[in-house]
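Notes follow once the structure below has been shown.
The values are calculated or read from the model by the stated rules, or taken from the named source; none is laboratory data. Predicted, not measured: the structure shown is a model, and the values here were computed from it. Cβ placement follows ideal geometry from the backbone for every residue including glycine, while neighbour counts extend to all protein chains displayed. Heavy atoms of the whole protein, side chains included, go into the accessibility calculation; ligands, DNA and RNA do not. Shrake-Rupley method; radii C 1.70, N 1.55, O 1.52, S 1.80 Å.
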Amino acid sequence: MHMFFATLRILCQHVFCNLGRFMLTSAQCRAARALVDWSREMLSERSKVSHRSIVDFERGAREPRVLTKEALARALEAAGVEFIPENGGGAGVRLKKGGKID
């Protein structure tokens, strides 16, 4: 059963997959970096994702693995970014209320 859910998670590329998990978009990644004033190098350092992977993802050249997107999102969330799901008005980002930026 566990393998079944792991397979679904890998196959799903929607902002929120069938299991309710968040999926970062390239536009959200670029916007989130801008909100916290991070370079791609800083995001790479904080997320432990290669700089090349971030560049390719943000310019739409390659779709990273789910685990890579999760690492990027975690690093940006730790810096105070809140991801807004697709809810009819479009997916987006904002700074958390009272959150701090480092």
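In the condition set (1) outside any helix (DSSP H, G or I); (2) at pLDDT 65 or above; (3) over 10 Å from the mean Cα position of the chain (by Cα), residue 35 is compliant with all but (1).
Among the residues making up the range 53-83, those that are among the β-branched types (Val, Ile, Thr) and part of a helix (DSSP H, G or I) are 54, 55, 66, 68. Within the range 53-74, the set of residues being open to solvent by less than 60 Å² (accessible area, probe 1.4 Å) and under 12 Å from the mean Cα position of the chain (by Cα) comprises 54, 57, 58, 64, 66, 68, 69, 70, 71, 72, 73. Consider the range 38-52 and keep the residues that are part of a helix (DSSP H, G or I) and of a type in the set (Ser, Thr, Tyr). The one that is surrounded by the fewest Cβ atoms within 10 Å (Cβ to Cβ) is 44.
Among what's in the range 75-89 and is surrounded by 12 or more Cβ atoms within 10 Å (Cβ to Cβ) and over 18 Å from residue 37 (Cβ atoms), pick the residue that is modelled with the highest pLDDT.
At the first step, the residues of the range 75-89 found to be surrounded by 12 or more Cβ atoms within 10 Å (Cβ to Cβ) are 75-86.
Filter once more, keeping what is over 18 Å from residue 37 (Cβ atoms): 84-86.
Details: 84: 88, 85: 82, 86: 79.
Among those that are surrounded by 12 or more Cβ atoms within 10 Å (Cβ to Cβ) and over 18 Å from residue 37 (Cβ atoms), it is 84.
Pairing residues of the range 85-102 that are closer than 15 Å to residue 25 by Cα with residues that are modelled with pLDDT under 80 and of a type in the set (Phe, Trp, Tyr), at Cβ distances under 8 Å and at least 6 apart in sequence or on separate chains, gives 85/16; 85/22; 86/16.
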